[in-house]
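Visitor: Below: one structure in structure tokens.
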Amino acid sequence: MLDIRGLRAKVADKEILRGIDLHVGAGEVHAIMGPNGSGKSTLAHVLAGRENYQVTGGEVIYQGKDLLAMNPETRAREGVFLAFQYPVEIPGMSTVYFLRAALNAARKYRGLEELDAMDFLALIKERMKLVEMDQALANRPLNEGFSGGEKKRNEILQMAVLDPTLALLDETDSGLDIDALRVVANGVNALRRPDRAMIVITHYQRLLNYIVPDFLHVLFDGRIIKSGTKELALELERRGYDWLKGEATAP
Amino acid sequence: MASTETQERYLDAFRERRSRGNAKSPAWLNELREAGIASFTSLGFPTPKIEEWKYTNLEPIAAFDFSRRAGTRKKISQADLLSEAFADASAIRLVFLNGVYAPELSSRDRLPEGVGLQSLAESIKGDDEFLSTQLGRYARYRQQSLVALNTAFIGDGAVLVVPPGRRLAEPVQLIYVSGADGEQLVTHPRTLIFLGAGSEAKIIESYIGMTRESYFCNAVTELIAERDSLAEHCRVQREGEAAFHTGTFEAKLGRGAHLTAHAVTLAGSLVRNDVHVSLEGEGAECILNGLYLGAGRQHIDNSTVIEHVKPRARSFELYKGILNGAAHGVFNGKIVVHKDAQKSDARQVNKNLLLSDDAVVNTKPQLEIHADDVKCSHGSTIGQIDPDALFYFRSRGLGLAEARRLLSSAFAADVVARIKVASLRQRLDEYILEKFREI
């Protein structure tokens, strides 16, 4: 589904990604861990098409297509979804309105009929159960004044409605208390599917107790320095990152 | 500016009007008109030399030759009128065509008994004593030349009187339609709204245009909200694209009275809105919301003054502007807290969104505080569409143009959402979404 080969990217002349190789197959959940500043969030944003990151090398093939050649909206319509670490607050537009416009943009792109307000309401109501979200919240201005937990639930709700093929979850656990973490993780787990891949980016092992990945990669200084399965997470928890740092300089 | 020639032109028009019809008017009104023209003659049009007019030059209005009159007046259908004014067909409304009451387009069928809603001309004809005590009582024609000019030419307009304790469930719409092709018209709509103690009313004042050519609409509204009354006043300005519009809104609030006043500016080439709210009673409260959308070479100036006169009054002000093309926006927001107005709470915010490199905004908050135990804050921002928000929208599949449209609309909708009249709110939301399709 996703092949990242030798991906390099910089922001404001600083190289953040220094040659990433990653293969993600359909139905797989990959976790990416690493210390602050290792390039985790940059990777997610480069894949989603954020324009202030400049790709300086490598390629990304998504479902046989050149992902890096697409603008952000095309990537989204092709099924890429990024759950933001810091979702933007938009006074003046409800989640319901926003999400219907987004879904219909994708449906139009795919040659499907647009959903009217009634049909969409039925859809969002059903998906809200997944993240135990109150309907009143969806009628409120998008993310405005939402708590950390509400914002992240809203991100997962958006994912559930937009039904992506590749979901990128950027530090979805940050700012969550344990109850919110469980709700969000349950939502994500319910969305696991054989034809959907996920890349879960996190700083902490604890999220991986709830969302158990098939593979885990350690990102350090812009490169993946170690890959393994979920057992690797436990080792990281026990030993930290320092023991891996020697491998970062290896060719 | 403010040339003698300009004043002469208005003075001539005044003399002509006086010789034609003022004889039929009661003496008190003629005195008021004379005081108006005298004040205007001495003040002239404001010039940018005056601090409050620093960013707005009325020269095009002063130079406007309204003596040319050979126009054809188009008939406006009721359906077009209502749609332009964002009004309901069933609404209680008074309609004015070029300053004159148009009964055939108006409807008072649903007006509850005991509530006074008349055209000003009707009210003058009846030599209403109440009118004589209220009209011109608050609008400061001695200081404000545009108010003086309007006062000199008082002829028609609307008078709404809600008796004490009465609650008007439905909004009252006042629709001022101006302009005619080939005719350089000047109109001076005058509105008086009086809310008795403990009464409640919603008023929508719409200003709409019937021509793409120039005309000048110089409106004045006085609103008196007596003790514990509750008012929502929505002013929607949708004049013609070449129109000059100056509008003064003067409100006095008694003890515990509450006013929410919205000023929505959607059109006009040169626009100045003056809002002056005086919180004269203890614990009075006003919420001022403003929205201005400018494009092309439009110039839109919103100047507001809120005076906290007595203790424990509160004011909340939010004005937002979106400017595209080479439009010029101005926001002057002054808050005066008088010596006796302890425990005042005043908050003011002005936010501007610039959609093009050539659009300009001047924003100037002013606090003048003479009491020591008060809470006052103000803030203003000028910015482009937030790139983070833009990326957020695009990452959800919305195209760049659509994302810009939705974000601009959302910026405006934040103000519109504060309008309590649901039908107006919905129509404005639709209008705004449609408007930003062009960006």
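What follows is calculated from the coordinates using simple rules that are stated; it is not laboratory data. As the structure is a prediction and not an experimental result, all values here were calculated from the model. Methodologically, a virtual Cβ is constructed for each residue, glycine included, from the backbone with ideal geometry; neighbour enumeration extends over all protein chains shown.
Visitor: Against the empirical 2.2 N^0.38 Å scaling, what ratio does the C-alpha Rg of chain A come to? List each step's numbers first, then the result.
Guide: Numbers: Rg = 18.0 Å, N = 251, 2.2 N^0.38 = 18.0 Å.
Working it through for chain A, the quotient is 1.00.
Visitor: Just tell me which aspartates and glutamates come within less than 14 Å, Cα to Cα, of B:Lys125; anything on the same chain fewer than 8 places away is out.
Guide: The qualifying aspartates and glutamates are B:Asp156.
Visitor: How much of the calculated P(r) for region B:354-439 lies past 19 Å, in percent of all Cα pairs? Provide the component values of the computation, followed by the final result.
Guide: On the way: 2096 of 3655 pairs.
Across region B:354-439, Cα pairs with separations above 19 Å total 57 percent.
Visitor: A further question follows. Using +1 at the C-beta of Lys and Arg and -1 at the C-beta of Asp and Glu, which of A:Leu216, A:Asn154, A:Asn143 has the Cα lying farthest in the positive direction of the dipole of region A:2-248?
Guide: A:Leu216
Visitor: Can you tell me how region A:77-126 classifies by the Cα gyration tensor, rounded, prolate or oblate, using a/c under 1.5 as the rounded cut?
Guide: Numbers: a/c = 1.99, a/b = 1.23, b/c = 1.62.
Judged from the Cα gyration tensor, region A:77-126 comes out oblate (a/c at least 1.5, b/c at or above a/b).
Visitor: Right, here's the next one. Can you pull the mean other chain C-beta count within 10 Å for peptide A:104-114? Let's see the in-between values first.
Guide: Working: counts 2, 8, 3, 1, 2, 2, 0, 0, 0, 0, 0.
Neighbouring Cβ atoms belonging to other protein chains average 2 per residue here.
Visitor: Within chain A, which is the longest segment that contains none of the trypsin sites (Lys or Arg not before Pro) sitting in a DSSP loop with at most 16 other Cβ atoms within 10 Å? Walk me through the numbers on the way to the answer.
Guide: On the way: sites that count: A:Arg110, A:Arg192.
It runs A:1-109.
Visitor: With a ≥ b ≥ c taken as the square roots of the eigenvalues of the C-alpha gyration tensor of the protein assembly as shown, please select rounded if a/c is under 1.5 and otherwise prolate if a/b is larger than b/c or oblate if it is not?
Guide: On the way: a/c = 2.52, a/b = 2.42, b/c = 1.04.
Since a/c reaches 1.5 and a/b is larger than b/c, the shape of the protein assembly as shown is classed as prolate.
Visitor: Please express the Cα-Cα pair-distance distribution P(r) of region B:269-421 as a list of whole percents, one per 5 Å bin, running from 0 to the bin with the greatest distance.
Guide: Using 5 Å bins, I get a P(r) of 2, 9, 17, 18, 17, 13, 10, 7, 4, 2, 1, 0 for region B:269-421.
Visitor: Pick from B:Leu195, B:Leu293, B:Leu406: which residue has the top mean-square fluctuation in a GNM of chain B where Cα pairs under 10 Å get a spring?
Guide: B:Leu406
Visitor: Would you calculate, for the protein assembly as shown, the mean residue ellipticity at 222 nm contributed by helices, counting each DSSP H stretch of 4 or more residues as -39,500 (n - 2.57) and dividing by all residues, to the nearest 500? Can you show the working numbers first?
Guide: Working: 20 runs with 200 residues, N = 690.
Only helices count here, giving -8500 deg cm²/dmol.
Visitor: So if a site counts as exposed when it's one of the GluC sites (Glu not before Pro), its DSSP state isn't H, G, I, E or B, and it has at most 12 other Cβ atoms within 10 Å, what's the longest stretch of chain A without one? All intermediate terms of the calculation are to be shown ahead of the outcome.
Guide: Details: sites that count: A:Glu51, A:Glu113.
That gives A:114-251 as the longest site-free run.
Visitor: Give A:Lys152/B:Lys420; B:Lys202/B:Lys351; A:Lys65/A:Lys108; B:Lys54/B:Lys343 a once-over and call out the pairs whose C-alpha atoms are over 28 Å from each other.
Guide: Details: A:Lys152/B:Lys420 31 Å; B:Lys202/B:Lys351 26 Å; A:Lys65/A:Lys108 20 Å; B:Lys54/B:Lys343 32 Å.
In this structure, A:Lys152/B:Lys420; B:Lys54/B:Lys343 lie more than 28 Å apart at Cα.
Visitor: Hey, another quick one. Order the peptides B:158-167, B:372-381, B:420-429 from the highest to the lowest mean number of other Cβ atoms within 10 Å of their residues.
Guide: On the way: B:158-167: 19.7, B:372-381: 13.3, B:420-429: 17.4.
Put in order of decreasing packing, that is B:158-167, B:420-429, B:372-381.
Visitor: Restricting attention to region B:266-360, which chymotrypsin sites (Phe, Trp or Tyr not before Pro) occupy a DSSP loop and are surrounded by at most 16 other Cβ atoms within 10 Å?
Guide: Working: sites: B:Tyr292, B:Phe316, B:Tyr319, B:Phe331; in loops: none.
Answer in residue order: no site qualifies.
Visitor: Find the percent of Cα-Cα distances in region A:52-135 that exceed 23 Å, and round it to a whole number. Kindly include the intermediate steps, with their values, before the conclusion.
Guide: Details: 1261 of 3486 pairs.
So the pairs more than 23 Å apart make up 36 percent of the total in region A:52-135.
Visitor: Compute the FRET efficiency between B:Ile369 and B:Ala38 as 1/(1 + (r/R0)^6), taking r as their Cβ-Cβ distance and R0 = 41 Å, and round to the nearest 0.05. Kindly include the intermediate steps, with their values, before the conclusion.
Guide: Working: r = 35 Å, r/R0 = 0.84.
E(calc), rounded to 0.05, equals 0.75.
Visitor: What number, in nm² with one decimal, is the all-direction average of the projected area of the convex hull of the alpha-carbon atoms of region A:1-64? Could the numbers behind the result be given before it?
Guide: Working: hull surface 17.3 nm².
That works out to 4.3 nm².
Visitor: For an R0 of 41 angstrom, estimate the FRET efficiency from the Cβ-Cβ distance between B:Leu11 and B:Arg137 and round to the nearest 0.05. Intermediate values should be presented prior to the final figure.
Guide: On the way: r = 25 Å, r/R0 = 0.61.
Computed FRET efficiency for B:Leu11 and B:Arg137 comes out at 0.95.
Visitor: While we're looking at this one, here's another question. So what's region A:161-237 giving for Cα Rg divided by 2.2 N^0.38 Å, two decimals? Before the final figure, lay out each step's value.
Guide: Details: Rg = 12.7 Å, N = 77, 2.2 N^0.38 = 11.5 Å.
For region A:161-237, the normalised Cα radius of gyration comes out at 1.11.
Visitor: Where both partners of a DSSP beta bridge lie in chain B, what percent of those bridges are antiparallel, to the nearest 5?
Guide: Numbers: 10 of 142 bridges.
The antiparallel proportion sits near 5 percent.
Visitor: If each residue's Cβ is checked for other Cβ atoms within 10 Å, how do A:Met159, A:Met128 rank with the fewest at the top? Each step should come with its number before you reach the end.
Guide: On the way: A:Met159 25, A:Met128 20.
Exposure proxy ranking, most exposed first: A:Met128, A:Met159.
Visitor: If you don't mind, another one. For region B:387-439, what is the relative contact order in percent, using Cα pairs closer than 8 Å and at least 6 residues apart in sequence?
Guide: Details: 30 pairs, mean separation 20.4, N = 53.
The normalised contact order for region B:387-439 reaches 38 percent.
Visitor: Cα convex hull of chain B: how many Å³ per residue?
Guide: Details: hull volume 61.2 nm³, N = 439.
With only Cα atoms used, chain B gives 139 Å³ per residue.
Visitor: A further question on this structure: Using the basic label-point model (7 angstrom from Cα toward the beta carbon), what is the A:Ala136 to A:Arg206 distance in nanometres?
Guide: 2.8 nm
Visitor: Calculate the dipole size of chain B relative to its Cα centre from +1 charges on Lys and Arg beta carbons and -1 charges on Asp and Glu beta carbons; express the result in debye to the nearest 20. Present the calculation step by step, with values, prior to reporting the outcome.
Guide: Numbers: 54 positive and 56 negative charges, 41 e Å.
Around 200 debye, computed over chain B.
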